[in-house]
């Protein structure tokens, strides 16, 4: 991934015997969405990973969908209280699992901003003629939810969630998607699939 010709060079960098090249650091930022600030300052409490804009616009959602990332909603452990969820885009690219989470959480129980954030994904999916069934919805345990909040969560291949589907979130998303589709279908410029 880094383009090093010798494994020993990487080992020397990791051991602090040699400096990690700027190009390799840029590759980490590009492929794994590592925060440049974390790489430069290495603070323990800093977010390790970057996030994408989820509030107020659909453009980041659209960009990741166009790049064939899989949208997955990661639902908080006590989802039944607030319906809180982070949106994560993931895909296997060049043999590496790439994932990036939203900069804030949305809410499936909201009638305001949390709902609007989720609609940003819906509108991006409609723009690209992507069906609602492409999105996944997973329940999360408290320890993982806390790593999401800190910007330190990563899961290679989204593994370990068998049977953890959140069907309540799926049903709400399907309803909101279909309502948005129907509203959009009444517009004169709308083209049906």
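Restricting attention to region 104-127, which residues are in a loop (DSSP other than H, G, I, E, B) and within 24 Å of residue 158 (Cα to Cα)?
The first filter runs over region 104-127 and keeps only residues in a loop (DSSP other than H, G, I, E, B), leaving 104-105, 108-112.
104, 105, 108, listed by residue number.
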Out of everything in region 8-21 that is at pLDDT below 80 and in a helix (DSSP H, G or I), what residue ends up being farthest from residue 100 (Cα to Cα)?
9
Spot the failing condition for residue 130; the list is (1) at pLDDT 95 or above; (2) assigned to a loop (DSSP other than H, G, I, E, B); (3) under 17 Å from residue 82 (Cβ atoms), and only one is missed.
(3)
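This table checks each residue for (1) under 30 Å from residue 166 (Cβ atoms); (2) surrounded by 13 or more Cβ atoms within 10 Å (Cβ to Cβ); (3) touching a residue at least 24 places away in the same chain (Cβ under 8 Å).
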residue	(1), (2), (3)
16	no, no, no
20	no, yes, no
54	yes, yes, yes
90	yes, yes, yes
95	yes, no, no
98	yes, yes, yes
Residues of region 147-173 being out of contact with any helix residue (DSSP H, G or I) (no Cβ under 8 Å at 6 or more places or on another chain), part of a helix (DSSP H, G or I) and within 25 Å of residue 111 (Cα to Cα), in sequence order, are 148, 149, 167, 170, 171, 172
Return yes when residue 24 is outside the structural domain of residue 137 (by TED's automatic domain parsing), modelled with pLDDT under 90, in a helix (DSSP H, G or I) and out of contact with any strand residue (DSSP E or B) (no Cβ under 6 Å at 6 or more places or on another chain) and no when it is not.
yes
Quick one: which residue in 157, 106 is on the phi > 0 side of the Ramachandran plot and under 13 Å from the mean Cα position of the chain (by Cα)?
157
Hits in region 80-103 - residues which are in a loop (DSSP other than H, G, I, E, B) and at pLDDT 90 or above:
83, 103
Give region 27-47 a look and list any residue that's assigned to a loop (DSSP other than H, G, I, E, B) and within 17 Å of residue 91 (Cβ to Cβ), or say none.
33
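I'm trying to understand the selection: among the residues of region 48-78, which are part of a helix (DSSP H, G or I) and either out of contact with any helix residue (DSSP H, G or I) (no Cβ under 7 Å at 6 or more places or on another chain) or closer than 21 Å to residue 96 by Cβ (or both)?
Within region 48-78, 59, 60, 63, 64, 65, 66 qualify.
The values are calculated or read from the model by the stated rules, or taken from the named source; none is laboratory data. This is a predicted model, so every value here is computed, not measured. Positions of Cβ are backbone-derived with ideal geometry, glycine not excepted, and every protein chain shown enters the neighbour counts.
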